[in-house]
Structures are given as C-alpha cells and as structure tokens.
Amino acid sequence: MTLVETPTTSTVPLGGPSLPQERRLVTSIPGPKSQALHARKAQAVSAGVGVTLPVYVVAAGGGVLVDADDNSLIDLGSGIAVTGVGNSAPRVVEAVAAQLGQFTHTCFTVAPYDSYIEVAEALNRLTPGDHEKRTALFNSGAEAVENAIKIARHFTRKQAVVAFDHAYHGRTNLTMGMTAKNQPYKNGFGPFAPEVYRAPMSYPLRDGGLDGVVAARRAILQIEKQIGAENIAAVIIEPIQGEGGFIVPAPGYLATLVEWCRANNVVFIADEIQTGFARTGHMFASEHEGIVPDLICTAKGIAGGLPLSAVTGRADIMDSPHAGGLGGTYGGNPLACAAALATIETYEADHLVERAAAIGRLMGDHLGALAAADPRIAEVRGRGAMMAIELVDAATNEPDAALTGRVIAAAHAAGVILLGCGTYGNVIRFLPPLSIPDELLIEGLQVIGDVLARES
C-alpha cells in the first residue's frame, strides 16, 4: 500500500469542526476499524440498506470526512447534496443546540411554534416568483413530492401525473412509480401507484442536441395523445436531473412545458430537492431558465444535514386542501427548523450562491481540460457546484458503466469520495460542499485525472 503525502493543508473557510483540510491516508480504504464496523453493520442492519463506501465517519467539516482509522477523505458528495454549508456549520450547531435546550418536539399540528412559520416565510421569500405563496413542511424529499402530488390533485380535481425519462423522485410507493430507474430503486417492489405516466426528457447528448422547444413539443404531443390534458393534475420535473445523470435540458424545454401547463390547468411542479439552495449557482435551478413553478419541492440542502423538506407554491393551490389534509408527526420538527433558519442565513450571509458559481467555473475548467484530452469523456455538464462527466466507450460512444465503476472505486481508494449516477450507470457526479477550499477541490479533481489516465 502506498500512503499519500498531502501537499496542501488549510483551515476550514466555512463551517465544520477545526479539521485540517487535507487528504490523508493512514491505512488502506477502508481501514481495519471501518472494516470491523462494517462487519457489525452486516449483522445488525438490513442488507437492503447499501453503503457506497464503507468508511465509518467520526468527524467532518469544510471539504473533508475523517473516518474511524483517522483517514481524511476529500468530500465531493456532500451527503448527496445535503451539506452545502458544510458539516456542522457554526450557525447550525449554535441554533440547534439552543433549540435543544428549549424543547425537542410538540408536533406542529398539535401545539405549534414560531420557527416553523419563520421557515415558511423564508421559503416563500426565496423561491422563484413574487406571487403570494404558502409552504408546508415535511421530513424527506420523497415526502415533499408525495404531498405536492396530493395538493395538485386536490386543487385540479384531476388524477394523472406526468414524470419524465431518467427522473428520480424518491423511494416511497408513489415516488418509485415516478422514478424511471429500475435498479436499485424499483426492482421487485411493485405494484406502484396508478395514474403515473412518463414523457421523453430533453437529453442533448443523446437526442442529437434537439432544440429545447422542439423537444418539449415532442413530449407535449405524447402527453396529449396518450393521456389528455383534461386528465392531468401535474407535470413534475427536476430542472436538472439528479440520479438520472445530471441532465441539463436544452434551453426552452422547461419554459415550453410551463407555458403548456398554464394553458391547460396543469400544476407545474419543480422537484428542486437536489438542485435547490445555491447548489447550481442560483438559489434554485429554475432561475437559470427564468421559470416560476406553481409548486416547488425542496429538501437536502435546506437544513444543514437535519431532516426537513418542504412544498412551497401558489397560495391558491397550497390553500386548497382541507385543514388536517397536510401534516405529519415530525414534519417541521423544531430542531430541523432551527437548523434551516441558520442554514438559510449562512447561504445568504456567506454569499454561497456566488461561491457555488465560482466552484462551477473551477470544476468546469478542470473537467473540460480532462475531456479535451480523453475521448471517453463524452460530456461535461451541470451548473455551479453540481457538475458531472459522462463516460463512454471511445470507439462506439456507448455508455461505459464498467469504466465508471473502476474510476469511482480507484478514487475511493485514493481518498476521494465520489458518487455515480445515470440511467446507464456511466455518469460521475461532483457535489462538493460549498465550504470546500479551492486547493482541496483542485487536488480531488487531479486525483480523478490521475485515475482516468491509469484506466486507459
């Protein structure tokens, strides 16, 4: 085993415990303590709960995770876009600790509290559009999507829902039905909820660079002929697809869908669970296309790592359900609300929208240089701190999932946390925390370049 001597060390610029910002390998990955913990996991935890990289974390902050063997790994995953403000960000820690000393739970629908209202007010202010809005809080992204569909159906008195190729919306029964990828999300778990239909997505790399407006009209024609606008309650789409491969639709695609929805009494739902909260260089990815969703689903980056999600949207739609129709025991838990308020303050006070845009430029330059020299990188795509590369067989241009798996495994062994995605399993996504120092991010990208060179 070759241990890595890290040339760069810096302090944490935003958030997290005072951890050296370095890649440090003391043992192989995973080390003996993590291996022992993983053996315990196999005996105690359902085998259905998979683990991408079995290193067991004891500390995290800035752009690193430290495991039980004292290895320090560069974090290019952010817990799947959750820790945008960094792990244990100071404002979040302080706010949650203060709330913990006051009370931990009452159930907002039994005995409410003001922090739930403050989070709703913040989301009403931050989400696209200057119309009157309302918000409801939940626990997970899938739960937000489920409730958005409930609200749209109640408002329109229609039932059908349109999702898109390559979509990912969650693991509950309804959201599995809207998710496109079979393995591992859907296989063997059906039957799924009815009245869910699928339309073609704009995927510029794989649809010949089809114009966004033309691609949207193609989808709309299929929707009208196979379902009928008079039956459709909602169209739901990720402005940039996440698990589907960080697919950025061609310009005009989303706007054309919104226009059609407006004309046909169909609720347009933006699933911004992965794209929201500064991740793409705007507070929300919908802003890149100038669209204003009727409803927007958020989670992940909303509360600095605590479980919270929301549906925010037009007041007339959100006020449609009867009292008691929305809610849940833990939805808008006071600890999560305290964390969300501190997280939102951090995004704004520390200018993390601008930071995400700067990270995007840095990653775009480095990944673009790799792509220019390596024909196996078919495309570099994404926005802000949400970037990806799609890997293919250079001779056939077919998706190369095997190469992708080898690159991710080698990066893990070298101390860089990477996540794969894509319907074809051939996309590597980059989701660094916005608190990562530039030099650490550059080092992580250089590791990826070295791994690709060795895999030639």
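The values are calculated or read from the model by the stated rules, or taken from the named source; none is laboratory data. Predicted, not measured: the structure shown is a model, and the values here were computed from it. Glycine gets a Cβ as well: all are built from the backbone with ideal geometry, and neighbour counts include every protein chain shown.
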**Message:** Of the conditions (1) surrounded by 18 or more Cβ atoms within 10 Å (Cβ to Cβ); (2) over 22 Å from residue 245 (Cα atoms); (3) free of Cβ contacts under 8 Å to residues at least 40 places away in the same chain, residue 348 satisfies every one except a single condition; which number is it?
**Reply:** (1)
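So, residue 362, is that one surrounded by fewer than 23 Cβ atoms within 10 Å (Cβ to Cβ) and under 30 Å from residue 91 (Cβ atoms) or not?
Judged against the criteria, residue 362 is a match.
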**Filter result (under 19 Å from residue 240 (Cα atoms) and not in a loop (DSSP other than H, G, I, E, B)) within segment 162-179** = 162, 163, 164, 175, 176, 178
**Prompt:** Out of segment 66-119, which residues are at negative phi and either charged (D, E, K, R) or at pLDDT below 95 (or both)?
**Reply:** 67, 69, 75, 91, 94, 114, 118
**Item:** Residue count, segment 281-333 (criterion: without any contact (Cβ under 8 Å) to a residue 60 or more places away in the chain, surrounded by fewer than 24 Cβ atoms within 10 Å (Cβ to Cβ) and in contact with a Gly (Cβ under 9 Å, 6 or more places away or on another chain))
**Value:** 1
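For every residue, the table says whether it meets (1) outside the structural domain of residue 222 (by TED's automatic domain parsing); (2) in a helix (DSSP H, G or I); (3) over 20 Å from the mean Cα position of the chain (by Cα); (4) at negative phi.
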site: 251; (1), (2), (3), (4): no, no, yes, yes
site: 258; (1), (2), (3), (4): no, yes, yes, yes
site: 279; (1), (2), (3), (4): no, no, no, yes
site: 286; (1), (2), (3), (4): no, yes, no, yes
site: 293; (1), (2), (3), (4): no, no, no, yes
site: 297; (1), (2), (3), (4): no, no, no, yes
site: 323; (1), (2), (3), (4): no, no, yes, yes
site: 326; (1), (2), (3), (4): no, no, yes, yes
site: 338; (1), (2), (3), (4): no, yes, yes, yes
**Request:** Please state which one of 241, 274 is assigned to a loop (DSSP other than H, G, I, E, B) and touching a Lys or Arg at 6+ places or on another chain (Cβ under 9 Å).
**Result:** 274
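To keep it simple, each residue is scored yes or no on (1) surrounded by 20 or more Cβ atoms within 10 Å (Cβ to Cβ); (2) in a loop (DSSP other than H, G, I, E, B); (3) out of contact with any strand residue (DSSP E or B) (no Cβ under 6 Å at 6 or more places or on another chain).
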position	(1), (2), (3)
136	yes, no, no
148	yes, no, no
181	yes, yes, yes
192	no, yes, yes
202	yes, yes, yes
207	no, yes, yes
214	no, no, yes
217	no, no, yes
**Prompt:** If we keep just the residues of segment 299-321 that are in a loop (DSSP other than H, G, I, E, B), of a type in the set (Gly, Ala, Ser) and in contact with a Ser or Thr (Cβ under 7 Å, 6 or more places away or on another chain), which is farthest from residue 121 (Cα to Cα)?
**Reply:** 305
**Request:** Please give the helices (runs of 4 or more DSSP H) falling wholly within segment 11-102 in which 1 or more residues are over 23 Å from residue 308 (Cα atoms).
**Result:** 32-44
**Message:** under 21 Å from residue 436 (Cα atoms) and out of contact with any Gly (no Cβ under 9 Å at 6 or more places or on another chain): is that true of residue 45 in this structure?
**Reply:** no
